[in-house]
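The values are calculated or read from the model by the stated rules, or taken from the named source; none is laboratory data. Everything numeric here is computed off the predicted structure, so don't read it as measured data. Neighbour counts run over all protein chains shown; Cβ positions are idealised from the backbone, glycine included.
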Amino acid sequence: MSLFGLDLPLRKLKVDKAAERLRRLEAQAIGDVSDLLAQADLPTDLAPNALGTIGGGNHFCELQAVEDLADGGSATGIDDQGLYLLVHSGSRALGATVFSETAAGHPRLVDGLDPGSEAGAAWLANHDRCVAWASLNRQLIAARAAAALRADLRLITDVPHNLVRPSNRGFVHYKGAAAVGAGELAPIAGSRASLSHLVLATSGVVRSLGGISHGAGRKYDRATMHGRVGRNRSEREQLLRNSWGGIAICDDRSLVVEEAASAYKDAEQVVTDLENESLVVRHASLRPLVTFKKAVDEAEVEQRRRKPEYRREGGRGHERY
């Protein structure tokens, strides 16, 4: 998760116009990818074609506005009249590839790897490259979004989850948890129809090994959601709007259903629980205005329509492949 501030004031925002521009997010130029990787001290051939892309599942890039600013929130650089980008994306398939290659080379991986061994050191180095690549990926997604909105951006915080970190007690695997230190800002994502939150980790996070929730978490699995919501086109269209007039950009019908707000727990309760355990202090709550998940490449669609396999029957278009 990475949170960025935009130099675009809320009063100038037209949500429909912003959604139209953000639909072309992944078509924005990002410069020479090899140079960007080199600047991040990463190999120039490390998954260059995937950089600046969001991926699937629960990943997103969301334009947000401040709903509520707590005492001390402005001291962290949050302006209640500003606009923000929350980006949730990781190393795409890179991390899974590293794990698969490691598993293939070590049939007894279930016994673990000695971190002091050559194999253990190699895996940790590859893991760290995946984490750095994911951070760069989020920066480039945000840069593309800012370019689409014709705005400049600044990084507020970048907090990884699903990673391994060494500690004085060994290694900590932050599975589904954000890794933070005391005094560090961290976003906790809601759903596309509920508030997200910006919190400050307290000294109490040492009790949780520096781990806090990175989001609301699912209430229902993906398969279950297909029987709960979005049974027809009208219902699916309603799922793409929220009570603040916000818009979700998602042209994958299954993903619309699987990522419906009702699939997730209450992020407000999650943050309250963390506060009650003295792990965090809430600084701001942010409402979703435009949530980008997946857009159809209109140029690709047009190209496919021009193929010989495409024909019209009864005055309506039918794609044949």
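Are any of the residues in the stretch 292-315 modelled with pLDDT of 95 or more and polar (S, T, N, Q)? No, there is no match, as no residue in the stretch 292-315 is modelled with pLDDT of 95 or more and polar (S, T, N, Q). Residues that are surrounded by fewer than 21 Cβ atoms within 10 Å (Cβ to Cβ), of a type in the set (D, E, K, R) and at negative phi are absent from the stretch 191-201. The single residue among 113, 63 that is assigned to a loop (DSSP other than H, G, I, E, B) and of a type outside the set (D, E, K, R) turns out to be 113.
The strands (runs of 3 or more DSSP E) found entirely in the stretch 150-240 that carry 2 or more residues being in contact (Cβ under 8 Å) with a residue 40 or more places away in the chain and under 19 Å from residue 274 (Cα atoms) are 185-188, 196-201, 211-213.
Among the residues of the stretch 176-222, how many are among the β-branched types (Val, Ile, Thr) and touching a His at 6+ places or on another chain (Cβ under 7 Å)?
Restricting attention to the stretch 176-222, the residues satisfying the condition of being among the β-branched types (Val, Ile, Thr) are 180, 188, 199, 202, 205-206, 212.
Narrowing the set further to residues that are touching a His at 6+ places or on another chain (Cβ under 7 Å) leaves 188, 199.
Adding up the residues that qualify gives 2.
Listed by first and then second residue, the pairs with beta-carbon distance under 6 Å, at least 6 apart or on different chains, first residue in the stretch 96-111 and without any contact (Cβ under 8 Å) to a residue 24 or more places away in the chain, second in a helix (DSSP H, G or I) and small (Gly, Ala, Ser), are 109/103. For the residues 280, 257, the requirement of being of a type in the set (Val, Ile, Thr), in contact with a strand residue (DSSP E or B) (Cβ under 8 Å, 6 or more places away or on another chain) and at pLDDT 95 or above singles out 280.
Screening the candidates 50, 146 for the property of being of a type in the set (A, V, I, L, M, F, W, C) and out of contact with any strand residue (DSSP E or B) (no Cβ under 6 Å at 6 or more places or on another chain) yields one hit, 50. Can you find, within the stretch 104-144, the residue that is surrounded by the most Cβ atoms within 10 Å (Cβ to Cβ) among those that are over 23 Å from residue 42 (Cα atoms) and of a type in the set (A, V, I, L, M)? It comes out as 113.
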